[in-house]
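Step one of this worksheet: look at the structure below.
The values are calculated or read from the model by the stated rules, or taken from the named source; none is laboratory data. These figures come from a predicted structure and were not determined experimentally. Neighbour counts run over all protein chains shown; Cβ positions are idealised from the backbone, glycine included.
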Amino acid sequence: MAKLKKLEEQSRGLDELLGSSEPVIEIVRELTHTVIEIPLEQIEVNPWQPRKDFDEAALQELSDSIKLYGLIQPITLRRMAVDQYQLISGERRFQASKLAGLKALPAYIRLADDQAMAEMALVENLLREDLNAIEVANTYQRLKDEFGLTDEQLSKRVDKNRSTVTNMLRLLKLPPNVQESIKEKRISTGHAKVLAGIKDIALQLALHEQIVKDRLSVRELEDIVTNYSTASKPKPKKTTPSVPDAYKLVVDNLSGFFGSKIQFKRKPTGAGQIVVNFKNDTDLNRILDLIEEKG
């Protein structure tokens, strides 16, 4: 512990004490792989932390464990100034340790700028199974906004496919109550991605209610959306070929003679056909009688 304390003291004001940056780099490298006890009052939370909500029961359970066994896994910090550090990862452990009444925590110290801080916090949190999709999407959006990243650049930063990143960002366009359901795990990320693909907000809300009420699976939801899309597509209208003006009088006369609808078709070559429609056998016999009489 004496060596650790000495290393911490050496790290303070080294730029002023040493003429060359070489020793500073070497000390930083050693600090990065060394665990140091840091007082809690010297640690501030990471503003880039994507996780905002912690399960109180789980936090209390972790706190009880820390009271018994201490903090086994060190947190990771960056040094901001003399006796001032900021969390890079481990906020849940930090909060649980405060509940447990610890005065100092074991920590790794790293150098990182704001962008590196955000990226490290995001990557560390993405490894957690209980991080919800909205928390991930919000962090993606912050990285894009703060550092001017495109979806392609962001996907490389977080080691995800571009389509995965884009689909996650689309979740932020969902209505607030739908986003809340994602956070509370009443609907899954799979449900949310299907809803995000629907442009009609009213339909999104209606399907959201149905998912929660009927406990629809993602596959069932996809089937409903597919059937709705098919039913809502406008059916092509059947167009009746227009009769040339020169033959309209012929069609009118035939229709009057037979007392039935007449279909007249004529090709540019001059060939064509005349179709006399009938409703039933009786109507057919009537038309045949008229033809025989004229014959």
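Against the test of being modelled with pLDDT of 75 or more and in contact with an Asp or Glu (Cβ under 8 Å, 6 or more places away or on another chain), the options 260, 188 yield a single qualifying residue, 260. Annotation: of all residues in the stretch 163-213 being charged (D, E, K, R) and within 15 Å of residue 141 (Cβ to Cβ), the one that is surrounded by the fewest Cβ atoms within 10 Å (Cβ to Cβ) is 173. For the residues 193, 199, 144, the requirement of being assigned by TED's automatic domain parsing to the domain that holds residue 216, part of a helix (DSSP H, G or I) and under 15 Å from the mean Cα position of the chain (by Cα) singles out 193.
Using the structure shown, decide if residue 228 is modelled with pLDDT of 80 or more, among the aromatic types (Phe, Trp, Tyr), at negative phi and surrounded by 12 or more Cβ atoms within 10 Å (Cβ to Cβ).
When the stated conditions are applied, residue 228 passes them.
You will find that of 105, 68, 87, the residue that is without any contact (Cβ under 8 Å) to a residue 12 or more places away in the chain and not in a loop (DSSP other than H, G, I, E, B) is 68 and no other. Residue 115 passes every criterion in (1) surrounded by 13 or more Cβ atoms within 10 Å (Cβ to Cβ); (2) at pLDDT 65 or above; (3) not hydrophobic (A, V, I, L, M, F, W, C) apart from (2). Among the residues making up the stretch 149-182, a single one is part of a loop (DSSP other than H, G, I, E, B) and touching a Ser or Thr at 6+ places or on another chain (Cβ under 8 Å): 161.
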